[in-house]
Each structure stands twice: as C-alpha cells, then as structure tokens.
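Here, each number is a calculation from the coordinates, and none is a lab measurement. A quick note: this is a predicted structure, and the numbers were derived from the prediction, not measured. Cβ atoms come from the backbone with ideal geometry, glycine included; neighbour counts cover every protein chain shown.
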Amino acid sequence: NLVDASALESLEAINERMVDLLVPFRNRWLYHPEQQGSASLKYVLPAWTDVNYENMGIANGADAQDLYRDFAMGNMNAAEEKKLFEDLSAYCEKDTYAMVALIARMDEILVMKSVPQLASDQDEPEQATTKPKSPKPGPK
C-alpha cells in the first residue's frame, strides 16, 4: 500500500473540497463574448482578466504534453531539456496564477450581485466588458 490510511483520509477530504473552475464557464453561468464560445482557460482567462499566455515558451497544454513526450523518449539534448523545464515551470506557474485570477474575478461578480448598489451599476455583471486588474503579485 503506497499511502497509509490516515494520509488517504486527509487526501480524500482535500479532494472533496476541490472545485472545477471549468463548470461555470462550460455551463455558461459566466460567459463573455471574448471567450468565442469556448470554456477553455486559454479563452476564458483573457476574457475575464488581464492575464494571458502570450509570449510564453509553452502556451498551451497540448504543446506541454508533446514536448514532455519528446523529453521522455530521449529526443532532446541537454540545452533543449533545460529550456523545456524552464518553460514548463513558467507554464505551470501561469496556470496556477490563472486560477487565482479567475477566482478573484468570480468573487468580484458575486459581490456585485449581492450588493444592490453595485449590481445596479451594470446591466449584466456576469457579462461585464471591462476587465479588472488581476490580483498581484503574479508570475514574472
């Protein structure tokens, strides 16, 4: 057995509290025209925040997967491996920060909906066209 019972119980408790941020966007509980019909993080993130994946060595999961496969199959030299892991680290950092930025934006929307004075300032707060600044500090 790889995990003892108490650790497994703790991990299961953490897992039960996890929320998939894809759900509100896939179900269009939150939608912005800049998402272009997609619930993908690569479309949702720049539609709702000032964060994006532009100018990154790895800018999407498919590329990350393909490049890691090349590494695992021994198809990279030392310099390529070094760059891969630098780029993967930056990509994972951005993905994590993206979740923080989206949660902050969703929190703003909930506050706007729960405070009548704020909600009346916008017709459809869940489809607001202005993007607030993302929480700081973020990745470089």
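What to note about this one:
- The order of the peptides 74-86, 94-106, 20-32 by mean Cβ neighbours within 10 Å, most packed first, is 94-106, 20-32, 74-86.
- Segment S40..L21, full-extension length gain: 5.8 nm, with 0.36 nm per residue of separation and the alpha-carbon distance subtracted.
- Under Stokes-Einstein, with the Kirkwood radius over Cα pairs as Rh, the value for the stretch 11-91 at 37 °C and 0.692 mPa s is 219 µm²/s.
- Between E9 and T96, residue separation times 0.36 nm minus the direct Cα-Cα distance comes to 28.8 nm.
- Most positive-pole-ward Cα, L67, I109, I14, against dipole of the stretch 1-110 from beta carbon charges: I109
- Sparsely packed loop sites in the stretch 1-65 (the GluC sites (Glu not before Pro) outside DSSP H, G, I, E and B with at most 16 other Cβ atoms within 10 Å) comprise E54.
- Largest-first principal axis extents of the Cα set of the stretch 51-93 (Å): 33, 18, 14
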